[in-house]
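Read through the structure below, which is laid out as structure tokens, and then see the notes.
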Amino acid sequence: MRPQQRIYRTAITDGTRWAAYNHRAGDIFISTPPKCGTTWMQTIVASLLWPDGNFPGVVMETGPWFDGLIYDLDELSTRLEAQTHRRYIKTHTPADGIPIFDTASYVVVARDGRDAFISWVNHMAHMRTDLLGRLNAEAMAQGIDPVMEFRGDIHEFFDGWISDAPPMRHIAAWWDLRGEPNVLFAHYNDLKADLDGEMRRVAAFLNIDIPAESWPAVVDRCTFDRMRADADKVGNFDRAFEGGAKSFLFKGINGRWREVLTEGELRRYRHRVRELLAPEAAFWLEHGSLSPC
């Protein structure tokens with residue numbers, strides 16, 4: 001076991017919660033920066049674990065966000081402890097902020113940071129103001145900076161986001177672990193380019209055998225259109241977002257940043273990438289593994 005090396009605390013997450021986590025061999029961690037395919041990978045893992053589609057509950061709650069402050073920790077821990085099936089757990093925390101167990105599997109998902117930023121704008125524009133207000137009030141009472149709200153100015157919002165640079169920091173922490181046998185890197189671009197092939201790669205990594213006759217339905221449940229159509233099986237989106245699933249599962253497309261970010265902002269982005277990532281990691285974050293570039 002590699003113990004937790006750093007405590008990450010924000011208005012939305014609390015790394016001290018990992019002290020309450022009771023490890024179980026076979027647990028699956030889905031570790032991603034925000035807006036990089038987290039819910040998508042949760043749905044993929046659930047579809048692989050229950051190939052008949054008979055999930056034991058809502059995808060996002062069956063595989064809870066353990067260090068996220070949206071859920072009460074006692075309720076979340078009790079729910080997780082009661083599960084008798086193979087468990088999967090969501091986190092947005094980099095590798096140095098979570099415990100690494102030899103008997104757990106870690107699926108790390110990433111996306112071009114510029115695409116993640118545009119999706120984060122939509123995310124924060126639709127987050128319920130009462131929830132955001134509560135989280136920020138609780139954070140400030142503890143001396144933690146509030147999460148930056150989106151007030152309609154995307155360029156002002158970019159200024160705050162690029163300072164933290166979540167996708168780059170996340171991959172920087174995981175990059176040296178990418179060759180470990182219990183760590184799998186997946187990329188949003190690759191999932192879009194070859195969902196069937198990437199799901200087969202995830203299934204092999206997790207040692208899950210799917211009957212050939214079940215495979216088309218297993219993959220179909222994980223397409224963007226199907227996830228939106230069956231949103232009630234994926235998450236209780238109304239709890240946190242104005243507009244529910246239509247806001248959260250918004251477009252799922254890449255490249256919208258080209259119409260939004262200025263050349264100066266793109267230079268700042270490239271500078272942050274160079275600061276935080278080795279060239280090989282930077283290339284992968286932008287392109288994934290299936291890109292012909």
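The values are calculated or read from the model by the stated rules, or taken from the named source; none is laboratory data. Keep in mind the model is a prediction, meaning the values are calculated, not measured. Counting neighbours? That spans all protein chains shown, and the Cβs are built from the backbone with ideal geometry, glycine included.
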Mind checking which helices (runs of 4 or more DSSP H) fall wholly inside region 127-190 and carry at least 2 residues that are of a type outside the set (A, V, I, L, M, F, W, C), touching a residue at least 40 places away in the same chain (Cβ under 8 Å) and buried (at least 18 other Cβ atoms within 10 Å of the Cβ)? 166-174
Out of region 14-40, which residues are within 24 Å of Met168 (Cα to Cα) and without any contact (Cβ under 8 Å) to a residue 12 or more places away in the chain? Thr16
If I go through region 41-70 residue by residue, how many of them are free of Cβ contacts under 8 Å to residues at least 60 places away in the same chain, in contact with a Leu (Cβ under 8 Å, 6 or more places away or on another chain) and either closer than 16 Å to Thr84 by Cα or aliphatic (A, V, I, L, M) (or both)? 1
Could you run through region 202-238 and say how many residues are modelled with pLDDT of 95 or more, over 19 Å from Gly57 (Cα atoms) and acidic (Asp, Glu)? 2
If you check Asn122, Asn189, Asn182, Asn136, which single one turns out to be under 22 Å from Gly68 (Cα atoms), touching a helix residue (DSSP H, G or I) at 6+ places or on another chain (Cβ under 9 Å) and of a type outside the set (D, E, K, R)? Asn122
Report, ordered by the first and then the second residue, all pairs with beta carbons closer than 6 Å, sequence separation of six or more or different chains, a first member in region 75-99 that is free of Cβ contacts under 8 Å to residues at least 24 places away in the same chain, and a second member that is crowded, with 21+ Cβ neighbours inside 10 Å. Leu76/Pro64
